[in-house]
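Have a look at the structure below before the remarks.
The values are calculated or read from the model by the stated rules, or taken from the named source; none is laboratory data. Being a predicted model, the structure only gives us computed values, none of them experimental. Cβ placement follows ideal geometry from the backbone for every residue including glycine, while neighbour counts extend to all protein chains displayed.
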Amino acid sequence: MRKINNFQIEKTVAVIGAGASGLITAKILKDQGFAVTVFEKKPCTAGLWNYHETDEGVLYKSLATNLPKEIMIFFNQSKPYAESRSFITHQQVCSYLQENARKWSVPDYTYFNCKVTKVLPTQKLDLVVEHITDTLRPPGDDQLNNTQWEVQYTRFCEPKKLQDVKLS
């Protein structure tokens, strides 16, 4: 619930994906008083940074970042990277994302194993998430399908100047 000019406004926002962009988007919107629901097709947060042998993802087992972790931090992180080295493994990035998601309580308002297959515009600027599959929420939670949501899709990027980055 947001208060704007002494009016209480309920704004429901859907964030599709619980990767780095989805996590920070969900956190910021929640902090600003929006009712946020995240839809993630994987069984956990961190999006593409999750690696499993059976996935057809973009990661491989020995992947290390080609960017220093110092430019991949959330400005409002709750849990810093545990590793002191600048160039880290995908497991360390995944852990960082998952730990911050837990600190921000993102899993509490996330539908995991949930693939959004269709999003339709309404008469207003809102969107309707029409088809959702494989949710892990309890049976009988039928409020999801055909519910109007404002869908936030973003690839969050705030460039940092090289002189502001301190490598370890």
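Structural remarks
- For the stretch 55-63, the count of residues that are surrounded by 15 or more Cβ atoms within 10 Å (Cβ to Cβ), of a type outside the set (D, E, K, R), at pLDDT 90 or above and out of contact with any strand residue (DSSP E or B) (no Cβ under 9 Å at 6 or more places or on another chain) is zero.
- Only residues that are among the acidic types (Asp, Glu) and at pLDDT 85 or above were counted across the stretch 1-25, and they come to 0.
- Criterion (of a type outside the set (A, V, I, L, M) and within 20 Å of LYS103 (Cα to Cα)) met by exactly one of SER84, SER78: SER78
- Hits in the stretch 43-80 (condition: touching a His at 6+ places or on another chain (Cβ under 9 Å), part of a loop (DSSP other than H, G, I, E, B) and touching a residue at least 40 places away in the same chain (Cβ under 8 Å)): ASN50, TYR51
- Summed over the stretch 37-54, residues that are at pLDDT 90 or above and more than 19 Å from VAL93 (Cα to Cα) total 1.
- Members of the stretch 81-101 that are over 12 Å from ASN50 (Cβ atoms), surrounded by fewer than 18 Cβ atoms within 10 Å (Cβ to Cβ) and touching a residue at least 40 places away in the same chain (Cβ under 8 Å): SER84, ARG85, SER86
- Test for LYS30: is it in contact (Cβ under 8 Å) with a residue 60 or more places away in the chain and either among the aliphatic types (A, V, I, L, M) or at negative phi (or both): yes
- Unmet criterion (only one of (1) at pLDDT below 50; (2) under 19 Å from the mean Cα position of the chain (by Cα)) for ASN146: (2)
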